[in-house]
1. For the peptides 30-38, 103-111, what is the packing order when you average, over each peptide's residues, the other Cβ atoms within 10 Å and list the highest mean first?
2. Please turn the phi angles of the stretch 344-356 into ³J(HN,Hα) values with the Karplus equation 6.51 cos²θ - 1.76 cosθ + 1.60 (θ = phi - 60°), one per residue in order, whole Hz, x for glycine and proline.
3. With only alpha-carbon atoms in the gyration tensor, what are the semi-axes of the equivalent ellipsoid for the stretch 250-360, in Å, largest first?
4. Would you please put 73-82, 229-238 in order of how densely packed they are, using the mean number of other Cβ atoms within 10 angstrom per residue and starting with the highest?
5. For the stretch 242-252, what does the Karplus curve 6.51 cos²θ - 1.76 cosθ + 1.60, with θ = phi - 60°, yield as ³J(HN,Hα) per residue in whole Hz, taken in order and with x for Gly and Pro?
6. Work out from phi, with θ = phi - 60° and the Karplus expression 6.51 cos²θ - 1.76 cosθ + 1.60, the ³J(HN,Hα) of each residue of the stretch 299-307, listed in order in whole Hz, and give x for Gly and Pro.
Amino acid sequence: MSKISPVLFLLAILISCEPSVPKSPVIGEAFVGPAKLDIHGDIAPKSQVVATVNYGDKLQVTGQRRRFLKVRTAKGAEGWVDERNLLDAAALKSLKDLTANSQKYPSQGLATTNDTLNVHTEPNRTSPSYLQIQAGERVDVIGHRTAPRIGAARKPLVIAPPKPKRPTREKKPAKSDVVPPPAIPPPPKLPTDWLELSRMRDPDEPDESPKAKAKPQPVVEDAPPDDWTLIRNANGQVGWVFTRRIFMAIPDEVAQYAEGKRITAYFSLGKIDGKDTWLWTTCEPGPQDHEIEGFRIFSWNPRRKRYETTYIQRRIFGYYPVTVNGSSFSVVLEKDGKRYREHYTLTGNRVKKDGEQPES
């Protein structure tokens, strides 16, 4: 049997006797939003990365500095992350349900952006931004919604501890030798011209006369709502972005004829001499509770070597989704407060309406 060196034996005893560092208490829990998230040793973005976690991983919150949270992973690594990259349990479930349900939503066309764009879990400015679209990246447009600019406040991930109750002071019994207050003097007599004085008004006080009340008050207009678009990236992740920050990726040789309207959907109905025949829908810029105010079919004229309008319809109110099957397409339109899906077929340069049916 080999003998253990006395030095190694003493070193083992010292290590075993070293007190362990107590862990920080848990003050909340959160879940990772992005596909991958680096946990840093400090709140500085360039500080050392101590761990990398993935979307949906559960983290324990052990500290907070402004909008940065100190978290602990399942393997025990601790570090700092931006609170905007974390979700609570309700937000994670809602996002998973939205992702699962939206896979069946048909694409209304590809969109892109000129700058890095945050993707939110809900159409709400205060909702967490769990994903980003890079400049030039293309995503599918699958939905649209308007929402109040000032939405519901986000539920905090860290629960504040209850404030300690202040000790109540015991009331001292009243002393019997307390001197009573002096008697109240009689009120002064009214002046002889009190009636004329009552008709006079202090210039610093508001005028309560009927004539003053009849003046029109300035109308304070509410802030316009935000316009949001639901997008889906190449990995199947979905989320909400500001509509004004994206634009449809239809070729410029066609988009230049939008006449100042915002293109909301576009599809190819076939090709002529290698050039697509485009169906596109448009709407006025700005927040709208609908997606379509007109649609147009643009076809390539091989003789004149240019795009020309084959069919156009204006002054309508329509909604997503627009569906396309080869050279046939359908659009949801609103008439007399009811929605109908109208079906069309493109044959050559002719567009034939195939009928309509109530939209469920």
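Values quoted throughout were computed directly from the atomic coordinates according to the rules given, and no laboratory measurement underlies them. Everything quoted here is computed from the prediction, not taken from an experiment. Backbone-built Cβ (ideal geometry, glycine too); neighbour counts: all protein chains shown.
1. Values: 30-38: 18.4, 103-111: 16.2.
My ranking of the peptides, most packed first, is 30-38, 103-111.
2. Here the 3J(HN,Hα) series is 9, 9, 9, 10, x, 10, 10, 10, 10, 7, 8, x, 9 Hz.
3. Details: eigenvalues 114, 60, 21 Å².
Its equivalent ellipsoid spans semi-axes of 24, 17, 10 Å.
4. Details: 73-82: 16.0, 229-238: 17.6.
Answer by packing, highest mean first, reads 229-238, 73-82.
5. Each residue's phi maps through the Karplus curve to give 5, 4, 5, 8, 10, 8, 5, 8, 6, x, 4 Hz.
6. Along the stretch 299-307, the couplings run 10, 7, 9, x, 6, 8, 6, 7, 7 Hz.
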